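Following: one structure in structure tokens, then a few remarks.
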Amino acid sequence: MNKTDYNIKVNRAIDAQMIWKNAPAPNRGELIRQFGNCLRQNKNELAKLVVQDSKKIIGEAEGEVQEAIDMCDFAVGLSRQLYGLTMPSERQDHKMQEVWHPLGVVGVISAFNFPCAVWAWNHILAIVCGNSVVWKPSPRSLNITKKLKELWDQTVEEFLKTTIVKHTMGDRFNMKDLLQIVEGGNETAEWIADDPRIKLVSATGSTEMGKALAPRVAARLGRTILELGGNNAMLLSQHANLKLALRAIVFSAVGTCGQRCTSLRRLIINEKIYNEVVESLKKIYTNLIIGDPMNSKTLVGPMIDQNAVKKMQSVLEECRKKGHTVFGGEVIEDCYVKPAIVEVKEQDDIVYKETFAPILYVMKYITLENAIRKNNIVSQGLSSCIFTNNLQEAELFTSSMGSDCGIVNINIGPSGAEIGGAFGGEKDTGGGRESGSDAWKQYMKRTTITTNYSESLPLAQGIKFDIE
Ligand code: UN1
């Protein structure tokens with residue numbers, strides 16, 4: 001796509017938003033209710049397209065589409081709950097309140113690994129909040145993107161048949177324009193980053209990408225939501241239910257072939273149970289069903305491309321050179337690999353880096369305080385978890401003295417978050433929060449309104465200023 005086409009699309013998104021922002025929020029929610037139903041009806045087909053584009057297994061792809069549907073349900077309720085506060089005014093017969101207004105055009109830059117759900121976190125909130133969306137999907141996700149746009153347009157047509165919006169908004173309004181797809185790579189992302197017409201840029205990808213993008217958006221005083229790299233750990237205590245823990249470890253380490261930002265990358269095991277756990281894991285890894293992602297029995301599909309496979313292999317080679325013990329990790333054929341377990345005595349530069357591959361680094365800990373230090377020492381801060389049935393351990397890990405990540409789970413792996421909570425992380429993960437809780441506020445602007453209904457004009461802070 002060239003710059004002229006890009007500009008036309010952004011201008012269309014602006015025109016549509018100018019009208020849409022005035023639609024009553026519950027009416028905006030009605031469109032999203034209908035879109036959610038449309039996603040439900042098309043769930044199977046959408047999931048297949050997610051598999052085709054991202055290569056994740058069908059069960060996970062269905063989960064990803066479900067995440068988008070859940071987001072719609074959440075946003076329908078939200079459309080009647082975009083609450084502001086009222087505050088007591090210090091002045092007699094005055095009222096102070098805040099009202100949330102739509103922001104404008106929102107830019108969404110999404111990655112190959114969650115081509116549907118992460119877009120939905122942003123798009124659905126943006127639309128309910130009265131905005132329009134310019135979406136740059138990963139160049140690898142064009143099949144699912146096209147289908148989502150087609151379903152969006154179809155839902156809009158249906159909606160317009162029944163709604164009062166068209167009547168009140170006039171024919172000039174093309175509601176389909178609320179979603180614009182801008183295809184392309186880095187250059188398109190840069191146009192979005194530098195474009196003052198785009199008020200908020202929500203971007204998912206590597207820390208490197210975020211560090212290049214954020215200063216450009218900041219230079220024009222735009223807003224960002226960044227969801228960048230993770231290096232997620234599990235602390236496995238001697239007080240854990242090991243059966244549960246093993247299932248969680250394997251799902252989060254090999255799910256999406258290790259290519260979730262929430263994938264489990266580091267397993268920090270109490271020394272008393274270390275040997276037992278590593279042996280059990282090796283057994284499970286040996287029997288993993290690796291193959292066609294469309295086969296419902298498969299647990300591990302292929303990696304996204306040959307580059308990802310090469311990167312994994314070179315990291316494993318580096319591990320061997322450093323004297324770490326590597327189990328598995330071989331290439332089977334094409335992009336199919338065996339997930340790897342790498343035993344490390346101490347964390348080093350390789351472990352500190354996020355490698356987007358099914359490599360699980362395992363290590364021992366002696367005291368929980370030391371395990372927490374190991375969890376926190378990396379530069380990323382997305383997700384973390386502890387498996388323990390010991391209350392003190394769980395409370396310490398979730399306290400301010402515990403994990404420094406945005407997501408901290410107890411007896412649940414680091415991946416597979418629900419949409420109801422705010423999703424995101426600290427440090428090199430970028431600090432953004434998406435999907436549930438009050439993440440919607442970032443897609444709106446806050447207006448502070450003070451009203452004087454008295455017969456005089458008292459000034460705040462008791463300032464005297466008499467002109468007669
Ligand atoms: C991502 O990998 O960018 O918590 C998002 C999870 C999913 C979302 C992952 N719900 O693993």
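The values are calculated or read from the model by the stated rules, or taken from the named source; none is laboratory data. Model, not experiment: these values are computed from the prediction. Neighbour counts are summed over all protein chains in view; Cβ atoms, including those assigned to glycine, are modelled from backbone coordinates with ideal geometry.
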> Considering only segment 322-353, how many residues are part of a loop (DSSP other than H, G, I, E, B), in contact with an Asp or Glu (Cβ under 9 Å, 6 or more places away or on another chain) and either among the polar types (S, T, N, Q) or surrounded by fewer than 16 Cβ atoms within 10 Å (Cβ to Cβ) (or both)?
Replying inline: 1
> For segment 298-312, which residues satisfy the criterion of being over 24 Å from the mean Cα position of the chain (by Cα) and surrounded by fewer than 16 Cβ atoms within 10 Å (Cβ to Cβ)?
Replying inline: Gln306, Lys310
> Considering segment 449-462 alone, what residues qualify as being assigned to a loop (DSSP other than H, G, I, E, B) and either among the polar types (S, T, N, Q) or surrounded by 10 or more Cβ atoms within 10 Å (Cβ to Cβ) (or both)?
Replying inline: Ser454, Ser456, Pro458
> What's the number of the condition Ile419 fails, among (1) surrounded by fewer than 22 Cβ atoms within 10 Å (Cβ to Cβ); (2) touching a helix residue (DSSP H, G or I) at 6+ places or on another chain (Cβ under 7 Å)?
Replying inline: (1)
> Which members of segment 1-21 meet the condition of being of a type in the set (S, T, N, Q) and either farther than 15 Å from Lys199 by Cβ or not assigned by TED's automatic domain parsing to the domain that holds Leu103 (or both)?
Replying inline: Asn2, Thr4, Asn7
> Among strands (runs of 3 or more DSSP E) lying entirely in segment 49-151, which contain 1 or more residues that are within 16 Å of the ligand (Cβ to nearest atom), at pLDDT 95 or above and in contact with a helix residue (DSSP H, G or I) (Cβ under 7 Å, 6 or more places away or on another chain)?
Replying inline: 105-109, 132-136
> Only one of Leu213, Leu236 is over 21 Å from Cys116 (Cα atoms), assigned by TED's automatic domain parsing to the domain that holds Val118 and either within 16 Å of the ligand (Cβ to nearest atom) or in contact (Cβ under 8 Å) with a residue 24 or more places away in the chain (or both); which?
Replying inline: Leu213
> If you take the residues in segment 216-233 that are part of a loop (DSSP other than H, G, I, E, B) and touching a residue at least 60 places away in the same chain (Cβ under 8 Å), which one is surrounded by the fewest Cβ atoms within 10 Å (Cβ to Cβ)?
Replying inline: Gly229
> Of the numbered conditions (1) in contact (Cβ under 8 Å) with a residue 60 or more places away in the chain; (2) under 28 Å from Glu227 (Cα atoms), Tyr336 satisfies every one except a single condition; which is it?
Replying inline: (1)
> Do you know which residues across segment 412-448 are free of Cβ contacts under 8 Å to residues at least 60 places away in the same chain, part of a loop (DSSP other than H, G, I, E, B) and within 15 Å of the ligand (Cβ to nearest atom)?
Replying inline: Gly421, Ser437
>> Looking at Ser403, Ser399, can you tell me which residue is at pLDDT 95 or above, away from the ligand (no atom under 16 Å from the Cβ), at negative phi and in the same structural domain as Gly255 (by TED's automatic domain parsing)?
In response: Ser399
